[in-house]
Ligand SMILES: [Zn+2]
């Protein structure tokens with residue numbers, strides 16, 4: 001079905017072909033029927049092996065015939081001497097080699113080959129690992145040298161780089177890892193010394209051929225950060241509404257992880273809900289405490305959230321007279337958005353950046369090189385390189401316009417990360433990121449404590465359900481975007497003011513999520529298509545009775 | 001040494017409009033060529049062939065042109081004592097064809113044709129200790145079969161018959177450095193496998209485990225200057241890979257990362273103006289497999305002449321609505 005070119009042919013040629021096909025069909029059907037009837041009779045002889053061989057040579061995907069062959073071979077094991085059996089299997093292997101040469105992608109042939117190898121008592125022939133779908137190899141030091149050679153002889157071999165990525169964490173695991181590493185765990189972490197050698201190897205590869213995408217993919221992996229440890233990153237408590245919010249470092253299903261809440265030494269039974277009903281797994285979970293638990297402001301309360309499955313807990317104290325309290329690790333404490341290399345080794349990244357900058361001078365249009373420079377800058381100093389990063393993104397959108405939406409989203413992500421860092425350094429609860437061409441919102445779980453957000457003058461189309469994680473939000477400014485939907489303005493208990501001037505909200509029903517925000521008093525919808533709706537004022541008065549300051 | 005980008009060039013006279021009637025005629029006629037050599041050679045995958053043909057006809061609103069009676073009788077004859085379904089009569093049962101049969105009967109809203117409880121037992125029996133699934137009793141392990149297993153059971157409303165947690169663990173163990181998935185732990189990423197694994201994680205509600213930004217980047221880098229998508233770096237573009245990549249991007253909420261109009265042009269150029277149907281690449285021979293994935297791809301790209309397709313099950317959305325299945329899609 002693949003790669004068969006359609007050829008123009010004359011009527012006479014067609015006629016000849018048709019005859020030839022009819023003949024082939026007859027032979028094929030006769031062989032197939034003979035196989036099927038032999039199998040039905042339970043015949044397990046050599047002739048059946050020959051018949052199936054004939055059919056499989058031309059049609060190796062005929063899985064049932066491989067099954068029949070296995071049945072015959074198993075039978076032969078019971079009736080022949082051991083040396084004879086060995087010979088039968090060796091013949092089977094050489095038959096398979098022929099099949100795989102003709103049709104290297106046949107799953108059936110590869111599986112049969114694996115099966116045959118498992119039946120042979122002695123050592124088997126050399127494995128051809130080139131076919132990735134069938135490669136089951138022992139991971140040894142020799143293997144890594146093997147990929148060294150492969151990459152040395154042909155730098156543009158994605159399979160070799162892939163294979164290297166599976167071997168490295170096994171051979172050079174990061175020292176502090178407690179569990180023995182295995183390719184089945186997510187943490188592909190590699191010890192630092194080997195990591196530095198890898199930088200060099202891969203750099204050789206892309207200097208040799210700057211358009212070899214395989215090497216660049218691998219390089220990005222090397223630059224990646226380790227997975228964050230699973231933990232409770234924040235506990236927040238509000239006296240008003242008697243609400244408690246827990247944030248996790250990764251999305252979890254709080255209903256199934258064994259979460260236990262203890263208030264003033266007493267375990268409490270509470271109902272956890274995710275920030276938005278669309279999420280079964282979420283980094284942010286909310287619960288309402290039984291009335292009266294913490295409402296008396298003249299008392300201090302101590303709350304602890306236990307993650308029993310992980311033996312982790314986090315405490316949070318609500319002092320006398322305070323209306324809210326929290327306990328958490330900030331984004332800066334966690335080095336969320338930087339490389340996981342140690343500080344001493346950042347000099348290596350610095351020289352990597354220099355090399356890539358040199359390469360870019362030779363190849364100014366090379367998108368792989370530009371993107372890698374951006375990633376290196378982020379690993380080194382995300383805030384210091386912000387201006388250059390933005391300029392590089394403009395280049396990327398220009399030279400690789402097919403993927404401009406990808407670059408816009410990635411740039412948005414980096415700008416949001418930077419703004420979170422700035423906010424953390426300033427120790428404020430205001431997130432302001434206007435006029436930065438944002439096309440997407442992410443890391444919203446990091447904005448749990450934010451009270452004021454300004455994302456005006458961007459290119460946002462939606463306030464996604466994740467926006468509902470901004471549980472402390474009081475004022476939202478999102479003017480001059482292209483926002484059509486407000487799913488994320490959902491159960492925000494403190495939200496008072498929403499400004500959505502000059503967006504694309506067109507139906508009254510689009511405003512429905514706001515009905516779940518009880519404190520909303522000010523809503524600015526000027527410059528939206530919805531303002532053309534008849535009787536809007538009265539409809540909205542009914543839909544959003546708490547809003548006293550409505551601007552249309 | 002420089003890397004040559006492997007790609008095709010679209011000819012200026014390549015088809016650029018959707019030839020729906022021709023495609024419907026092509027599929028309707030395909031099943032009548034039963035004495036054709038090529039047709040006979042593909043008997044080993046007949047059940048899937050029927051699923052491709054019926055699904056594409058349903059997407060084009062032409063399902064009524066297929067012979068329902070003949071097809072359901074055939075499916076009944078292909079269910080074995082063990083509960084599994086084979087590609088054709090005389091062939092052995094396999095998960096691949098069991099899923100195809102269940103998909104066909106879901107299109108027809110007629111699951112009573114086969115013994116559903118036995119199907120569930122069959123699928124359940126193929127799960128291994130490590131959570132993976134064998135394709136049949138001969139034990140080949142592949143994440144494709146994990147997808148077949150959960151898709152089959154989800155369509156039957158019996159997902160709880162297997163150990164879902166273990167199954168998820170196995171699929172996640174096949175995740176690679178590039179965010180993609182291979183057929184077994186340590187195997188290289190491949191668009192077909194990524195489709196199966198993201199589809200699997202969607203059905204089991206575990207998409208948060210995917211590194212969507214990293215995987216989405218790898219996937220959108222499959223688009224070549226011709227607009228077509230390939231299945232792995234440095235391979236040629238292909239209509240079927242275009243579907244697998246596109247559907248995966250849709251599942252992880254990143255479909256806007258490719259150039260939709262260029263992909264549409266590529267897919268349209270793979271039509272055969274004379275015979276109808278789609279080929280893998282412009283100028284090649286057409287077949288029902290690429291015809292389905294061509295049409296389904298255009299549907300995901302928003303073509304309004306075609307019914308909306310579900311990216312996980314590759315079946316019309318209205319069928320899944322009727323069954324009440326809403327596989328997870330990231331926003
Ligand atoms: Zn194809």
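Just so it is clear, none of the values below were taken in a lab; they were calculated from the coordinates. Predicted model only: the values in this text are computed from it and were never measured. When we count neighbours, we look across all protein chains shown, and the Cβ atoms used for this are built from the backbone with ideal geometry, even at glycine.
Sort out for me the Cα centre separation of the stretch B:30-62 from the stretch A:472-499, rounded to whole Å.
Rounded to whole Å, the Cα centres lie 52 Å apart.
With Rg and the Kirkwood Rh both taken from Cα atoms, where does Rg over Rh land for the stretch B:29-162?
Here Rg/Rh amounts to 0.97.
Per q in 0.10, 0.12, 0.17, 0.18 Å⁻¹, report the Debye log10 I(q)/I(0) for the stretch A:466-552, using one uniform scatterer on each alpha carbon and no solvent.
The Cα Debye sum returns log10 ratios of -0.20, -0.29, -0.62, -0.70.
I need the Debye-formula profile for the stretch B:216-330: one equal scatterer per C-alpha, no solvent, reported as log10 I(q)/I(0) at q = 0.15, 0.19 1/Å, two decimals.
-0.61, -0.95
Given a cut-off of under 8 Å on Cα pairs at least six residues apart, what relative contact order in percent is computed for the stretch A:334-490?
Computed value for the stretch A:334-490: 15 percent relative contact order.
Explain nothing, just the number: relative contact order of chain A, from Cα pairs under 8 Å at least 6 residues apart, as a whole percent.
Answer for chain A is 6 percent.
Starting from the Cα of residue A:398, step 7 Å toward the Cβ, then list every residue of the stretch A:360-387 with an amide N under 11 Å from that point.
It comes to A:365, nothing else.
Working out 0.36 nm times the residue gap between residue A:543 and residue A:383, then minus their Cα-Cα distance, what length gain in nm do you get to one decimal? Please report the intermediate quantities before stating the final value.
Working: separation 160, 0.36 × 160 = 57.60 nm, distance 4.36 nm.
Working it through step by step, the gained length comes to 53.2 nm.
Fewest to most neighbouring Cβ within 10 Å: what's the order for A:92, B:121?
Ascending Cβ contact count within 10 Å gives the list B:121, A:92.
With runs of 4+ DSSP H residues as the only contributors, calculate the mean residue ellipticity of chain A at 222 nm using -39,500 (n - 2.57) per run, divided by the residue total and rounded to the nearest 500.
After summing the helix terms and dividing by residue count, I get -13500 deg cm²/dmol.
Explain nothing, just the number: relative contact order of chain B, from Cα pairs under 8 Å at least 6 residues apart, as a whole percent. Please report the intermediate quantities before stating the final value.
On the way: 570 pairs, mean separation 63.8, N = 331.
The normalised contact order for chain B reaches 19 percent.
Taking every DSSP beta bridge that has both residues in the protein assembly as shown, what percent is antiparallel when rounded to the nearest 5?
Of all bridge pairs located within the protein assembly as shown, approximately 75 percent are antiparallel.
Working from the alpha-carbon coordinates of the stretch A:206-339, get Rg over Rh, Rh being the Kirkwood radius.
Numbers: Rg = 19.8 Å, Rh = 17.0 Å.
My calculation of the ratio gives 1.17.
Give me log10 I(q)/I(0) at q = 0.20 Å⁻¹ for the stretch B:106-159, Debye formula, one equal scatterer per alpha-carbon, no solvent.
Values returned for q = 0.20 Å⁻¹ are -0.70.
For a test of the definition: using alpha carbon positions, the gyration tensor, and the 1.5 limit on a/c, classify chain B as rounded, prolate or oblate.
Oblate, since a/c reaches 1.5 and b/c is not below a/b.
Between residue A:459 and residue A:516, what length comes free when the chain is fully extended (0.36 nm per residue of separation minus the Cα-Cα distance, one decimal in nm)?
18.0 nm
Once label points are set 7 Å from the Cα along Cα→Cβ at both residue B:305 and residue A:264, what is their separation, rounded to one decimal in nm?
Each label point is offset 7 Å from its Cα along the Cβ direction, giving 7.2 nm.
Please average, across the residues of A:53-63, the number of beta carbons from any other chain that are within 10 Å of each residue's own beta carbon, and give a whole number.
Average per residue, whole number: 3.
Pulled fully out, how much extra length does the chain show between residue B:16 and residue B:209, if you take 0.36 nm times their separation in residues and subtract their Cα-Cα distance?
65.6 nm
With each label point set 7 Å from Cα along the Cα-Cβ vector, what nm distance links residue A:300 and residue A:7?
9.0
Under the classification rounded if a/c is under 1.5, otherwise prolate if a/b is larger than b/c and oblate if not, where does the stretch B:195-251 fall, given a ≥ b ≥ c as square roots of the Cα gyration tensor eigenvalues?
prolate
Given 20 °C and 1.002 mPa s, how large is the Stokes-Einstein diffusion coefficient of the stretch A:322-440 in µm²/s, with Rh as the Kirkwood radius over Cα pairs?
136
Kindly express, to the nearest 10 degrees and within the range 0 to 90, the angle between helix A:141-153's C-alpha long axis and the longest C-alpha principal axis of chain A.
The angle comes out at about 90 degrees.
Taking each residue in A:34-41, count the Cβ atoms of any other chain within 10 Å of its Cβ, then average. What number comes out?
Counting Cβ atoms of other protein chains within 10 Å of each residue's Cβ and averaging gives 1.
Work out the P(r) tail for the stretch B:139-225: percent of alpha carbon pairs separated by more than 18 Å, whole number.
On the way: 1478 of 3741 pairs.
It works out to 40 percent of all Cα pairs.
What is the Cα coordinate range of the stretch A:258-409 on the first, second and third principal axes, sorted by size from largest, in whole angstrom?
Cα spread of the stretch A:258-409 along its principal axes, largest to smallest: 69, 38, 32 Å.
Based on the Cβ-Cβ distance from residue A:255 to residue A:313, what FRET efficiency comes out when R0 is 22 Å, to the nearest 0.05?
Using R0 = 22 Å, I get an efficiency of 0.75.
Suppose we take every Cα in the stretch A:1-52 and form the convex hull; what volume per residue is that in Å³?
That works out to 101 Å³ per residue.
Apply the Kirkwood formula to the protein assembly as shown: the hydrodynamic radius equals the inverse of the mean of 1/r over all pairs of different alpha-carbon atoms; give it in Å with one decimal.
It is 30.2 Å.
Taking the Cα atoms only, what angle lies between the long axis of helix A:386-399 and the longest principal axis of chain A, rounded to 10 degrees?
Tilt relative to chain A: about 50 degrees.
Where in the stretch A:439-460 is the amide nitrogen less than 16 Å from a point lying 7 Å along the Cα-to-Cβ axis of residue A:424?
A:442-450
How far is it, in nm, from the label point at residue A:357 to the one at residue B:326 when both lie 7 Å from their Cα along the line to the Cβ?
Computed distance between label sites residue A:357 and residue B:326 equals 5.2 nm.
Kindly rank A:364-375, B:11-22 from highest to lowest mean number of other beta carbons found within 10 Å of each residue.
Numbers: A:364-375: 20.3, B:11-22: 13.4.
Per-residue Cβ counts within 10 Å, averaged per peptide and sorted highest first, yield A:364-375, B:11-22.
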